[in-house]
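First the structure, in the form of structure tokens, and then the observations on it.
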Amino acid sequence: MDARSRPDVFGAVRLGYIVVESRRLTDWNRFGADAIGLHVDELTRDTLRFRLDDRECRFLVQRGPAEDVTAAGWEIDDHETFEIVLGRVAAAGLPVTEGSPEEAALRGVERLWRFPGPKGIATEVFTRARTTAAPLRMCNTAFVTGRSGMGHLAITTTRPEQLHTYWNNLLDLRLSDRIVERVGPAKLNIRFLRSGQRHHSIALANVAGLALDPVRTSVQHVNIEIATLDDLLAGFHRVTELGFAMAWSIGQHTNDRELSYYCVTPSGFELEVGWNPVVVTPEREETWEPATYQGISLWGHTTAGAGVAALMSRFQAAVRSLREQEETVPALSATALGTHR
């Protein structure tokens, strides 16, 4: 299809939920409820579900060996847009399977369809989420979700162009901006892709000139946005007081101006809890031009210290990435159908 004639689904898709596989459900329960202050439902001995709002599920944690994010669910506004997205997947020749009623119920959606995504993270799409009137039991006032979705995913990659093309071909995500960060002698390039008003739903980071990935997990971090500064500060203190690892202290980003901290989940990837980022409103969308920023943070975000085990894990991950080929889903990432806007 000619890129100029294909329909644009930008603004009609947002991140709805993530699925995590872990053996550390007791730690996840304590981390989610007591440290971050989320609403936690313990469905079974092998299944936890976290709520941020009136949705039945935003995080699904299931018992398993991966210690990683295994799927990301994308909410699509309407049936017409849903057919466009699935049509792109079918045209690429990717296998699409419908999730079972049990899988859909666990994710808090009526129905879902699944197909391959980059780095082994299954892409799941749905149109109708289940809501509940049950009161939220959490330590926070509220989280910012709605039309912005649940937050964003940050992914380190050795194939940034291919992953950018995947998301561009599938969901018409637009480029918000870029950051160049110096890490010793290395240069880290980060690009930020938005699906709507949230500044970014996907961030892609790569080490310039080196085909290595220092992160063991498929995602480097997951972001959620809290509604008040008081809750952000209180959460930071709870995480540290309860003994969970803090990766980066509170600071402010250069590009989206979000205040945030990064802590380490029981599965090893990081959770960023943020407050008050830039919103790309429809008025801003008309004139938005991607910029390049030097450095990730205006202030703060200082390292909280990494132990020998964490440093060795990063070294091992980097060495492994040199030997193994990263999954990029070539059927959707080999040729750009639209422009990288």
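Computed from the coordinates by the stated procedures, all read-outs in this text should not be read as laboratory data. This is a predicted model, so every value here is computed, not measured. FYI the Cβ positions are ideal-geometry reconstructions off the backbone, even for glycines, and counts take in every protein chain you see.
Take the Cα radius of gyration of region 126-176 and divide it by 2.2 N^0.38 Å, N being the number of residues; the result is 1.64.
Figure legend: label point modelled 7 angstrom from the Cα of Val279 along Cα→Cβ; residues of region 149-188 with amide N under 15 Å from it are 149-151.
In region 184-233, the ratio of gyration radius to Kirkwood radius, Rg to Rh, stands at 1.07 when only Cα atoms are counted.
Diffusion coefficient of region 241-288 by Stokes-Einstein, Kirkwood radius over Cα pairs, 25 °C, 0.890 mPa s: 197 µm²/s. Computed over Cα pairs, the Kirkwood radius of region 219-313 leads via Stokes-Einstein (1.567 mPa s, 4 °C) to a diffusion coefficient of 89 µm² per second. On the beta carbon distance between Ala208 and Asp230, with R0 = 45 Å, the FRET formula returns roughly 0.70.
Directionally averaged projected area (region 3-68, Cα convex hull): 6.4 nm². Annotation note: chymotrypsin sites (Phe, Trp or Tyr not before Pro) in region 252-291 located in DSSP loop regions with a Cβ neighbour count of at most 16 within 10 Å are Trp288.
Semi-axes of the equivalent ellipsoid of the chain are 27, 25, 21 Å, computed as sqrt(5λ) over the eigenvalues of the C-alpha gyration tensor in descending order. Need one word for region 70-155: rounded, prolate or oblate. Basis is the Cα gyration tensor (sqrt eigenvalues a ≥ b ≥ c); a/c below 1.5 gives rounded, then a/b vs b/c decides. The shape class here is prolate. Counting only DSSP H runs of at least 4 residues, each contributing -39500 (n - 2.57), and dividing by the residue count of the chain, the helix-based mean residue ellipticity at 222 nm comes to -6500 deg cm²/dmol. Length available on full extension from Thr302 to Arg178: 0.36 nm per residue minus the Cα-Cα distance, which gives 42.6 nm. Over region 1-119, what portion of Cα pair distances is larger than 17 Å, expressed as a whole percent? Roughly 62 percent, once rounded to a whole number.
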